[in-house]
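The values are calculated or read from the model by the stated rules, or taken from the named source; none is laboratory data. No experiment lies behind these values; they were computed from the predicted model shown. Cβ atoms come from the backbone with ideal geometry, glycine included; neighbour counts cover every protein chain shown. Side chains included, ligands, DNA and RNA excluded: accessible areas come from the protein's heavy atoms. Shrake-Rupley method; radii C 1.70, N 1.55, O 1.52, S 1.80 Å.
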Amino acid sequence: MDKEFWLQKWERNEIGFHEPAGNRLLQRCWPMAGVPAGATVLVPLCGKSIDMLWLARQGYRVLGVELSERAVRAFFAEHGLQPRVEPAGPFRRWRAEGIEILQGDLFALTPELLPPVAGLYDRAALIALPKPDRQRYVQVLQRCLERSARGLIVTIDYQPAAETRPPFSVPPEAVAALFAPAFRVDSLARVDVLAGEQKLAARGLTALHEAAYALLPAA
């Protein structure tokens with residue numbers, strides 16, 4: 001899944017992964033992650049997710065990272081926000097009303113570009129990455145999050161779990177293995193969503209679950 005794959009998805013408006021009403025597990029599970037009030041929350045591969053607005057309304061500073069300029073423009077335009085745009089190393093920084101999006105390659109992210117980041121919300125990053133890129137992604141988080149950071153990770157896992165195209169199946173044991181030992185992962189919720197996901201069900205799946213995990217300090 002190279003960068004051009006995702007850029008073309010946005011250009012063709014093939015964004016079935018976008019959730020217009022927001023994620024069903026965010027409001028239910030976010031309090032259990034224990035992210036400090038007012039913290040900066042990193043939202044990797046944020047697209048134009050309305051979840052960023054929800055987090056901002058809870059008093060958090062939101063810091064998204066998104067490759068597609070089209071997605072970033074759409075987010076601010078659809079919510080009537082007028083962003084300031086400025087260069088930031090290999091990124092372009094878009095900012096408006098407590099929400100900031102760094103437009104560029106997630107894997108180029110470094111702590112020098114960021115304020116202290118004590119929170120994470122991942123609904124679309126881990127499941128968008130094929131196996132070879134997932135450990136690289138966790139390494140980005142390790143260098144960019146504070147040691148005391150907490151967050152919420154939402155994944156899907158399904159059977160049969162052929163690694164062909166996103167969204168990829170990331171089962172509970174894979175989540176735990178990826179983040180250990182730097183973080184502790186606690187399971188918060190697991191919901192059967194096969195009946196409501198017709199496009200994924202059309203792949204011939206026999207089981208499909210959405211799961212939420214708290215990402216916690218290791219000690």
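The listed residues 210, 112, 197 rank as 112, 197, 210 when sorted by accessible area, largest first, using a 1.4 Å probe. The phi-based Karplus calculation (6.51 cos²θ - 1.76 cosθ + 1.60; θ = phi - 60°) puts the 3J(HN,Hα) values of the stretch 41-57 at 10, 7, 10, x, 6, 6, x, 10, 4, 5, 4, 5, 5, 4, 4, 4, 6 Hz, whole numbers, x for Gly and Pro.
Would you calculate, for the chain, the mean residue ellipticity at 222 nm contributed by helices, counting each DSSP H stretch of 4 or more residues as -39,500 (n - 2.57) and dividing by all residues, to the nearest 500? Taking each H run of at least 4 residues, the total per residue is -7500 deg cm²/dmol. Remark on residue 65: its backbone amide H falls under 5 Å from those of 43, 45, 46, 102, a criterion applied only to residues 5 or more positions apart or on other chains, H modelled at 1.01 Å from N.
What does the convex hull of the Cα atoms come to per residue for the stretch 32-172, in Å³? List each step's numbers first, then the result.
On the way: hull volume 16.3 nm³, N = 141.
Measuring per residue, one finds 116 Å³ for the Cα hull of the stretch 32-172.
3J(HN,Hα) along the stretch 201-212, derived from phi through the Karplus expression 6.51 cos²θ - 1.76 cosθ + 1.60 where θ = phi - 60°, amounts to 4, 5, 6, x, 6, 9, 8, 8, 10, 9, 10, 10 Hz, with x in place of Gly and Pro.
Averaged over its residues, the stretch 39-89 has an accessible area of 43 Å² per residue, based on protein heavy atoms and a 1.4 Å probe. Summing charges over neighbours of residue 209, with a neighbour being any other residue whose Cβ is under 14 Å away from its Cβ, gives -3 when K and R count +1 and D and E count -1. Computed over the chain with a Gaussian network model linking Cα atoms closer than 10 Å, the most mobile of 202, 124, 108 is 202.
The three principal axes of the C-alpha atoms in the stretch 112-153 carry coordinate ranges of 28, 20, 16 Å, sorted with the longest axis first. Assuming charge only on the beta carbon of Lys and Arg (+1) and of Asp and Glu (-1), the dipole of the chain about its Cα centre is about 200 debye to the nearest 20. Of all the accessible heavy-atom surface of the chain, with the other protein chains kept in place and a 1.4 Å probe, what percent is carbon and sulfur? Of all accessible area on the chain, carbon and sulfur atoms account for 51 percent.
The lysines whose alpha-carbon is closer than 21 Å to the alpha-carbon of residue 131, local same-chain residues fewer than 8 away aside, are 3, 9.
In order along the stretch 121-127, the Karplus-derived 3J(HN,Hα) couplings, from 6.51 cos²θ - 1.76 cosθ + 1.60 at θ = phi - 60°, round to 10, 10, 10, 10, 8, 4, 6 Hz, and Gly and Pro are given as x.
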